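Everything below concerns the one structure shown next.
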């Protein structure tokens, strides 16, 4: 009798050992929260801070602490540590590149040059991944004396033009450009430019080129050449920009080198070097969480990269090197162009593979 009771007790204990005291599925936090915990730990955030943030959102304290502890001990997270070490080394190397570049341009002033030869441009700026403003090189373009709102309306007539519209309805309008694309008659757009005040609600941008390439084709007669700088066989390959005072192109980096040509009006450009990418809060693709207000004069924010600032006006051409972050604000009604068809290799986008969230 005693033997049977002991045997039954052993079986009961074995059964209890096989069955967890707490069902993991019932105690687990949502997958999105577990992903957030793993990412925060990989970014060296203190577990206490992670717990406080999640608990402030109403998540159970004990479940949060248990999940953080489980994540810290998980072999998958330990395996990712090697990749994290590689990223830290790459960041270290980029900081060194920036430190060396600072020896050349210590005050972070973007040079303004006249009569720069194509050879010197490609050697000292294009190949060196450094910005420069080129002055006086398009003074003979007919566009410099012709392009105005009146001229565009008279020259082009009632053609359809594609714009980014209702941008102020969403803070993330730039990554969602397709959603804000709209076609309007050119006279309607010009009337908005004439009568409206400062706004970021509409803008004719490079992302509108498919429709505008045909509508704006007559304007190429007013665009001159940049021999030696742009590839001659693609001289007519450019992008048209037009917008009111107050337009904002938020921080992003291009996937190619870019030449921003200002025909009419003025723009303010805030730039951050490519080697400061680790500090640019690059949350997806080529976009940053930093805003222009974050880089206001006199404002100091821990961890924020040091900016380079420049204003460009009629006749200025700003070379924006690949990977350089830039924020562009229209200081007045503006008309301009941009070009990427340089006379040197500029195919970097075909090797790009980081379109997803980062």
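The values are calculated or read from the model by the stated rules, or taken from the named source; none is laboratory data. Keep in mind the model is a prediction, meaning the values are calculated, not measured. Here the Cβ positions follow ideal geometry from the backbone for every residue, glycine too, while neighbour counts run over all protein chains shown.
Applying the selection to the range 168-206, what residues are at pLDDT below 95, surrounded by 16 or more Cβ atoms within 10 Å (Cβ to Cβ) and touching a helix residue (DSSP H, G or I) at 6+ places or on another chain (Cβ under 6 Å)?
The answer is 173, 180.
Given the structure, is residue 94 in a helix (DSSP H, G or I) and surrounded by 14 or more Cβ atoms within 10 Å (Cβ to Cβ)? Write out each step before concluding.
On the way: in a helix (DSSP H, G or I): yes; surrounded by 14 or more Cβ atoms within 10 Å (Cβ to Cβ): yes.
Criteria met by residue 94.
Under the condition of being surrounded by fewer than 16 Cβ atoms within 10 Å (Cβ to Cβ) and touching a helix residue (DSSP H, G or I) at 6+ places or on another chain (Cβ under 7 Å), which residue from the range 37-58 is modelled with the lowest pLDDT?
42
Return the residues of the range 149-166 that are within 11 Å of residue 189 (Cβ to Cβ), free of Cβ contacts under 8 Å to residues at least 40 places away in the same chain and out of contact with any strand residue (DSSP E or B) (no Cβ under 8 Å at 6 or more places or on another chain); say none if nothing qualifies.
Correct list: 153 only.
Can you tell me which condition residue 310 does not meet? The list is (1) over 24 Å from residue 193 (Cα atoms); (2) outside any strand (DSSP E or B), and all the others hold.
Looking at each condition in turn, residue 310 falls short on (2).
Specify which of the listed residues (104, 62, 155, 114) is surrounded by fewer than 15 Cβ atoms within 10 Å (Cβ to Cβ) and assigned by TED's automatic domain parsing to the domain that holds residue 269.
Matching residue, one of 104, 62, 155, 114: 114.
Yes or no: residue 238 at pLDDT below 95 and either in contact with a strand residue (DSSP E or B) (Cβ under 8 Å, 6 or more places away or on another chain) or surrounded by 18 or more Cβ atoms within 10 Å (Cβ to Cβ) (or both)?
Against the criterion (at pLDDT below 95 and either in contact with a strand residue (DSSP E or B) (Cβ under 8 Å, 6 or more places away or on another chain) or surrounded by 18 or more Cβ atoms within 10 Å (Cβ to Cβ) (or both)), residue 238 qualifies.
Any chance the range 103-114 includes a residue that's farther than 30 Å from residue 275 by Cβ and at pLDDT 80 or above?
Checking the range 103-114: not a single residue is farther than 30 Å from residue 275 by Cβ and at pLDDT 80 or above.
Given the options 329, 293, name the one that is without any contact (Cβ under 8 Å) to a residue 40 or more places away in the chain, farther than 21 Å from residue 125 by Cβ and either assigned by TED's automatic domain parsing to the domain that holds residue 243 or surrounded by fewer than 20 Cβ atoms within 10 Å (Cβ to Cβ) (or both).
293
Would you say residue 119 is loosely packed, with under 15 Cβ neighbours inside 10 Å, assigned by TED's automatic domain parsing to the domain that holds residue 324 and in a helix (DSSP H, G or I)?
yes
From the list 244, 250, exactly one residue is surrounded by 18 or more Cβ atoms within 10 Å (Cβ to Cβ) and over 24 Å from residue 131 (Cα atoms). Which is it? Break it down into steps so the answer makes sense when it comes.
Details: 250 fails: over 24 Å from residue 131 (Cα atoms).
Step by step, each of 244, 250 is checked, and only 244 is surrounded by 18 or more Cβ atoms within 10 Å (Cβ to Cβ) and over 24 Å from residue 131 (Cα atoms).
Somewhere in the range 179-192, is a residue within 22 Å of the chain's Cα centre (by Cα) and free of Cβ contacts under 8 Å to residues at least 24 places away in the same chain?
yes
Here are 335, 320: which of them is closer than 14 Å to residue 259 by Cα and at pLDDT 95 or above?
Values: 335 fails: closer than 14 Å to residue 259 by Cα.
320 is the lone residue from the list that is closer than 14 Å to residue 259 by Cα and at pLDDT 95 or above.
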